[in-house]
Structures are given as C-alpha cells and as structure tokens.
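What follows is a short report on a single structure.
The values are calculated or read from the model by the stated rules, or taken from the named source; none is laboratory data. As the structure is a prediction and not an experimental result, all values here were calculated from the model. Because the Cβ atoms are built from the backbone with ideal geometry, glycine has one as well, and the counts that use them run over all protein chains shown.
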Amino acid sequence: MKRLLSWLTGLVVMAGLLMSLSMPSSVQAADIRNVADDKIAERGDKVDLNNSSVRRFQQFPGMYPTLAGKIVLGGPYDSVDDVLSLDLTDRQKELFEKYRDNFTVTAPSIALNEGFDRINDGQYR
C-alpha cells in the first residue's frame, strides 16, 4: 500500500512538471507581472511622491528627515505642486522648489507602500 501511494505521488508530480514545461514561455511571462517593478519603471529616475519612503529623500540635502516626513505624510498628491499646499516654512518651500524637477507623482500603489509605513520602511544602515 505504501509503495502504491509513493508511485501515485511520483506520477502526479511528474505530470505537473511535464504540464508546466509544455506551456509556451510567452504565456508564462505574460501571466507573471511584478507590479513594483512596473511602478518603478514608470517613475524613472525621479522620486515618486506618492510611492516613496522618506529614505529616498536623503539624496537631497536639507530635505531628510523633517521635510521628507511632511511630504510623505501629506500625500497622496495629484501633482508635484500639491506639496506647496502643506504647512511648510519658507525655507522648506525654497528647498522643495530647488529640487522640484527631481519629483514626480504616480497613482499610489500598495506594492510600494506595504503596511502603509513609509516613514519607517525597515531599511536600516
């Protein structure tokens, strides 16, 4: 009985492997999509204000962590200029204007905002 069960299990596994190998590769590639990679490709080399954590703002001197935190918590945004409607100091507005061309806005995606924690995203040095 045990031998019969092991043979049947082996046949089921082999049939599954053969079926997966017989599927055309174009069908497999089209069905498997990585939403996070698509969203990152959409923003290009800019910082997406709706889908970035505060860590992405470190590349802009003066923005991290205070202004970056305000921007992240103030979203979602419809346009980059919506940031200026936040409660910002004059210095913070100047900083944002200085780096304005480095930002973009795309629709918020759960793939990049898992757990809705964009302040402490678990990336540590």
Somewhere in region 69-78, is a residue at pLDDT 85 or above, assigned to a loop (DSSP other than H, G, I, E, B) and within 17 Å of the chain's Cα centre (by Cα)?
yes
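Among the listed residues L8, L18, L4, L95, which satisfies the condition of being part of a helix (DSSP H, G or I), surrounded by 13 or more Cβ atoms within 10 Å (Cβ to Cβ) and either at pLDDT below 90 or more than 24 Å from the chain's Cα centre (by Cα) (or both)?
Values: L8 fails: surrounded by 13 or more Cβ atoms within 10 Å (Cβ to Cβ); L18 fails: surrounded by 13 or more Cβ atoms within 10 Å (Cβ to Cβ); L4 fails: surrounded by 13 or more Cβ atoms within 10 Å (Cβ to Cβ).
Residue meeting the stated conditions: L95.
Would you be able to tell me the number of residues in region 38-61 that are closer than 13 Å to N102 by Cβ and surrounded by 15 or more Cβ atoms within 10 Å (Cβ to Cβ)?
Of the residues in region 38-61, 9 are closer than 13 Å to N102 by Cβ and surrounded by 15 or more Cβ atoms within 10 Å (Cβ to Cβ).
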